[in-house]
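The values are calculated or read from the model by the stated rules, or taken from the named source; none is laboratory data. Being a predicted model, the structure only gives us computed values, none of them experimental. Positions of Cβ are generated from backbone atoms using ideal geometry, with glycine treated the same way; all protein chains shown enter the neighbour counts. To get the accessible areas, we keep the full protein, side chains included, count just its heavy atoms, and leave off ligands, DNA and RNA. Shrake-Rupley method; radii C 1.70, N 1.55, O 1.52, S 1.80 Å.
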Amino acid sequence: MRILIVEDEKKIANFIKRGLEEELYEVLTAADGEEGLQLALEKTFDLIVLDWMLPKLDGLSLLKDLRGKKIMTPVLMLTAKDSVEDIVNGLDSGSDDYLTKPFAFPELLARVRALGRRSEQERGAQIIFDDLRVDPVSHKVWRNDQEIDLSGKEYDLLEYFIRNPNQVVTRAMIAEHCWDYTFSTFTNIIDVYVNYLRKKIDRDTGKKLIHTVRGAGYVFKVEE
């Protein structure tokens, strides 16, 4: 597994690099956003660990540029920015996970492993639920054959729902499966993303699929 670390703080970059190399990962580093973007465009990586506040080109701009060029390499955003707004902004820009500084290396390593397991080729064929269709390989979504544009995390949430239909899923379950975070950390983020997804999936359809179960969580089912 080849990993790119884009981090301008040399001590942090070297600390992560040494730790990952001890786990037998192949690691390259970049000290600014422009160098990181060039490496990400020129070489193939299985994962990018990306700082937000970088010289020359900030991490968020780098990420948006990659996604705009249809480069879907998993990205772990690693940053001191820790507000709900910052986390939502990072995830909306295309990151697959978000870890705030300071961090414990075992947690970073666990997230690296989790992202490494998310191979598009292993996700299988299209999933159909009522009039909703999801392609796990391309991450495209249609309802009534109308394509719906979702962010990366909106898609992850939808795929979790559609793979667990007609049963209550708690916020803790969503946090664990979609973000690998604890429930207490991500309560507000989950509600924000469910609302985002609900507006895109259920709006103007006349048939809701995402339902709130008061005091419990959510259930994905055809409205009766």
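Structure summary
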{"item": "Residues of region 136-185 satisfying the condition of being at pLDDT 85 or above, open to solvent by 80 Å² or more (accessible area, probe 1.4 Å), over 18 Å from T212 (Cα atoms) and out of contact with any Asp or Glu (no Cβ under 9 Å at 6 or more places or on another chain)", "result": "Q146, E147, D149"}
{"item": "Filter result for D46 (open to solvent by 50 Å² or more (accessible area, probe 1.4 Å) and closer than 17 Å to L109 by Cβ)", "result": "yes"}
{"item": "Tally, over region 211-221, of residues that are exposed (fewer than 14 other Cβ atoms within 10 Å of the Cβ) and assigned to a loop (DSSP other than H, G, I, E, B)", "result": "3"}
{"item": "Every residue from region 1-24 that is surrounded by 18 or more Cβ atoms within 10 Å (Cβ to Cβ), of a type outside the set (D, E, K, R) and assigned to a helix (DSSP H, G or I)", "result": "A13, I16, L20"}
{"item": "Close pairs from region 7-28: first without any contact (Cβ under 8 Å) to a residue 60 or more places away in the chain, partner open to solvent by 80 Å² or more (accessible area, probe 1.4 Å) and aliphatic (A, V, I, L, M), Cβ under 8 Å, at least 6 apart", "result": "D8/M53"}
{"item": "In region 25-42, residue surrounded by the fewest Cβ atoms within 10 Å (Cβ to Cβ) [restricted to those that are touching a helix residue (DSSP H, G or I) at 6+ places or on another chain (Cβ under 8 Å) and assigned to a strand (DSSP E or B)]", "result": "L28"}
{"item": "Out of L91, L63, sole residue that is free of Cβ contacts under 8 Å to residues at least 40 places away in the same chain, surrounded by 22 or more Cβ atoms within 10 Å (Cβ to Cβ), out of contact with any Asp or Glu (no Cβ under 7 Å at 6 or more places or on another chain) and not β-branched (V, I, T)", "result": "L63"}
{"item": "Any hit, region 186-196, residues being of a type outside the set (G, A, S), modelled with pLDDT under 85 and closer than 30 Å to Y25 by Cα", "result": "yes"}
